[in-house]
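Below is one structure, written out as structure tokens; comments come after it.
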Amino acid sequence: MREITATVLENKKIAENIWSLTFSAGDDIRIRCGQFAMLGVGGQQLLRRPIAVCKAEGERVTVCYQLKGEGTRRLAKEYKAGETISVLLPLGNGFYVKDEEQRVAVVGGGVGIFPLISVIREYAGKKHISAYMGFRNKRALCMEYEMQRSDKLVIATDDGSVGYHGTAVQAFMEDLEGERPDVVLACGPTPMLRALKNAMTGKGIPVYVSLEERMGCGIGACLVCVCDRTDGKHARVCKDGPVFEIGEVIL
Ligand SMILES: Cc1cc2nc3c(=O)[nH]c(=O)nc-3n(C[C@H](O)[C@H](O)[C@H](O)COP(=O)(O)OP(=O)(O)OC[C@H]3O[C@@H](n4cnc5c(N)ncnc54)[C@H](O)[C@@H]3O)c2cc1C
Ligand code: FES
């Protein structure tokens with residue numbers, strides 16, 4: 001993990017309420033898919049905000065974020081090209097696909113699609129990837145060109161304004177028999193992950209999920225991000241995760 005003062009190269013709106021920020025980390029940083037960064041947002045906001053790394057190309061790193069509250073609003077407003085931003089990265093364990101797992105399904109919803117784009121970028125051409133990506137509606141759709149690197153792409157929208165009418169989990173479950181993935185990687189709101197867990201119980205296919213708990217430090221020190229494990233213990237999402245085997249954690 002490094003703390004850097006990065007230079008913003010671009011920060012622009014890419015869909016309704018969604019922005020993409022690209023910064024230069026100064027030199028090449030090896031970032032595994034599913035890892036995240038803590039971005040300083042300045043002003044009165046002392047805590048950095050955790051955002052998944054969507055793309056890492058040499059020293060160029062891109063994150064995509066939804067405007068939620070003060071922190072993300074400041075990110076969009078204050079960090080124009082040429083400004084500097086304080087960043088901790090890379091953080092967390094990230095997604096791993098084993099050598100023997102050749103067929104990979106990624107299932108994402110809302111801002112959960114962004115870490116999965118890093119998975120598609122890392123494994124496209126090396127594994128067979130089927131992607132099921134859920135959005136609220138057509139206006140929220142973004143990064144389609146990145147998702148199209150997968151072998152199969154299903155866009156799902158809650159209102160049916162584009163693609164499959166329903167959730168990414170529903171679209172994925174309809175395809176499960178045909179696609180027969182060796183492993184499933186997922187990220188999205190907790191109700192979505194819970195639905196996936198219920199649907200995949202007893203299928204004999206490993207499922208890994210990336211959790212999006214609120215965070216304080218991002219490096220394992222403050223315990224703000226602790227989640228409950230099924231064995232009665234606790235885990236720090238920032239340090240022990242954010243990726244867990246789905247049966248390991250209580251959703
Ligand atoms: C590992 C990780 C990766 C993430 N990756 C992304 C990403 O790629 N893109 C993206 O847009 N967001 C991502 N998030 C969520 C993002 O961190 C929060 O949306 C952001 O911190 C909100 O900050 P804010 O100051 O704008 O809102 P706040 O004012 O802090 O909160 C506004 C609202 O959002 C809710 N909220 C805040 N943090 C979270 C959270 N972590 N999960 C769910 N709800 C939250 C609050 O309860 C409140 O209702 C990620 C979170 C984690 C832990
Ligand atoms: S955010 Fe501080 S321990 Fe995880």
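If the segment from N17 to R73 were pulled out straight at 0.36 nm per residue, it would be longer than the present Cα-Cα gap by 19.2 nm.
With the gyration tensor restricted to C-alpha atoms of the chain, the semi-axes of the equivalent ellipsoid amount to 28, 21, 17 Å, longest first. For the range 167-251, the ratio of Cα radius of gyration to the globular rule of thumb 2.2 N^0.38 Å stands at 1.16.
The calculated pair-distance distribution of the range 2-91 uses every alpha carbon pair, bins of 10 angstrom beginning at 0, and gives 18, 58, 23, 1 percent.
Looking at the range 139-225, none of the chymotrypsin sites (Phe, Trp or Tyr not before Pro) sits in a DSSP loop with at most 15 other Cβ atoms within 10 Å of its own Cβ. In the chain, helical runs assigned H by DSSP with n ≥ 4 each contribute -39500 (n - 2.57); averaged across all residues and rounded to the nearest 500, the mean residue ellipticity at 222 nm is -5500 deg cm²/dmol.
Protection proxy ranking, highest mean first, for peptides 104-112, 230-238: 104-112, 230-238, where packing is the per-residue count of other beta-carbon atoms within 10 Å, averaged.
Where a Cα-Cα gap under 16 Å defines reach, which aspartates and glutamates qualify for K68, not counting those fewer than 8 residues away within the same chain? Cα-Cα hits under 16 Å: E16, E78, E212, E213. For the chain, the longest principal axis of the alpha carbon atoms and the long axis of helix 190-200 meet at an angle near 30°.
Please state the shape class of the range 113-213: rounded when a/c is under 1.5, otherwise prolate if a/b exceeds b/c and oblate if not, all from the C-alpha gyration tensor. Rounded, since a/c falls under 1.5. The length gained on full extension between D158 and T201, counted as 0.36 nm times the residue separation minus their Cα-Cα distance, comes to 13.1 nm.
For the residue pairs K12/K152; K127/K152; K13/K239; K98/K233; K80/K138, the C-alpha atoms sit more than 21 angstrom apart in K12/K152; K13/K239; K98/K233; K80/K138.
None of the figures in this text is laboratory data; all of them are computed from the coordinates on show. Values in this document were obtained by computation on a predicted structure and should not be read as measured data. Note that each Cβ is placed from the backbone with ideal geometry, even for glycine, and that neighbours are counted across all protein chains shown.
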